[in-house]
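Asker: What follows is a structure written as structure tokens; I'll ask about it next.
Just so it is clear, none of the values below were taken in a lab; they were calculated from the coordinates. Keep in mind that what you see is a predicted model, and the values were worked out from it rather than measured. FYI the Cβ positions are ideal-geometry reconstructions off the backbone, even for glycines, and counts take in every protein chain you see.
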Amino acid sequence: MEKLIQNVVVSYGDVDREERLTLRGVFKLLQDAAIAHANKYDVGSQAMLTRGESWVLNRMAAHIARYPRYEEPLRVETWSSGIKGFKGYRDFRVYDGAGEVAIAASSLWLYVNTRTKAIIRVPRDVAEGFPMMAVAVYRPDLEEIEFAAPGADAAATEVTLRYGDFDANDHVNHTAYFDFVQTALAGAGHAPRPAEVRIKFAKGIPAEAAAVSVRVAQPAGGAAAFAIEHAGVVCAQGEVA
């Protein structure tokens, strides 16, 4: 199965006060599809038990043409665009009922040993057994994207962490980071539904963390830089537009 296709409906738990998909909800759609596809080849969440290995998201860039509404039917498609060394590349498209692209995204994942937390080379049998599609990706330049850190005067928002923010890898799930960003955008008076989201994850937020600080710069050139920090360490940074 070179491409996984899921037909889903936007749930009430993933929409905001205007019944539009939250930023976290957008990336939950993508995460669920990625895991479902990888699990078919024992290299997704199941590999944590069978291999003691897992994929960890390192970078993502997404274009959100519009935020779907509650009960809207969607078609989510994802495929691997390549595996090189310890890196895995994956693309996504989310189509609405009219067949229009609502969301397009490219992502880079790192393969890790879940016991040592070390990045390791993807085993040959995994790399050779996982199907890939040689088609155009949304952001072929994903690894070259550079992010400017927000300045010292950037507005900071403290976000309390909740039990549900943590996942089986014993750190904050990457979808929660987008919730942090949307919370900070709204708190700073910025538009809470960006059309472009680009992020690089630097360090996992540990299970003992109680809160994170999200700094968002004033938009410049149509984009606003952000950084998510814990205990003075940058855990992720990127930009929205």
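Asker: Highest GNM mean-square fluctuation, the chain, Cα pairs closer than 10 Å: which of TYR67, TYR41, TYR138?
Answerer: Fluctuation is largest for TYR41.
Asker: Can I ask one more? Calculate, in whole percent, how much of the Cα-Cα pair population of segment 1-69 lies beyond 15 Å.
Answerer: Across segment 1-69, Cα pairs with separations above 15 Å total 61 percent.
Asker: By a straight-distance test (C-alpha under 25 Å), which lysines pair with LYS40 as possible cross-link partners, with residues fewer than eight away in the same chain excluded?
Answerer: Straight-line reach from LYS40, under 25 Å: LYS3, LYS28, LYS84, LYS87, LYS117.
Asker: Who wins for biggest fluctuation among ALA156, ALA217, ALA231 in a Gaussian network model of the chain, springs between alpha carbons below 10 Å?
Answerer: Of ALA156, ALA217, ALA231, the most mobile in the Gaussian network model is ALA231.
Asker: Select from segment 121-196 those GluC sites (Glu not before Pro) which occupy a DSSP coil region and have at most 16 other Cβ atoms within 10 Å, ordered by residue number.
Answerer: Answer in residue order: GLU146.
Asker: Now, a different point. Kindly provide the helix-only [θ] at 222 nm of the chain, computed as the sum of -39,500 (n - 2.57) over DSSP H runs of four or more divided by all residues, to the nearest 500 deg cm²/dmol?
Answerer: Helix contribution divided over all residues of the chain: -5000 deg cm²/dmol.
Asker: Give me the tail of P(r) for segment 1-119 as a percent: Cα-Cα pairs with distance above 23 Å.
Answerer: Value for segment 1-119: 33 percent of Cα pairs lie more than 23 Å apart.
Asker: Okay, moving on. Rounded, prolate or oblate for the chain? Axes are the square roots of the Cα gyration tensor eigenvalues, ordered a ≥ b ≥ c, and the cut-off for rounded is a/c under 1.5.
Answerer: oblate
Asker: Quick check on segment 98-153: take the gyration tensor over C-alpha atoms, sort the square-rooted eigenvalues as a ≥ b ≥ c, and tell me if it's rounded (a/c under 1.5), prolate or oblate.
Answerer: On the way: a/c = 2.43, a/b = 1.11, b/c = 2.18.
It is oblate, given that a/c is not under 1.5 and a/b is not larger than b/c.
Asker: Here's another thing I want to ask about it. Segment 92-217: percent of C-alpha pairs farther apart than 24 Å?
Answerer: 46
Asker: Under the rule that an exposed site lies in a DSSP loop and has at most 16 other Cβ atoms within 10 Å, name the longest stretch of the chain with no trypsin sites (Lys or Arg not before Pro) of that kind, not counting the sites themselves.
Answerer: 67-114
Asker: What net charge is computed for the residues neighbouring SER213, neighbours being all others with C-beta under 11 Å from the C-beta of SER213, Lys and Arg scored +1, Asp and Glu -1?
Answerer: -1
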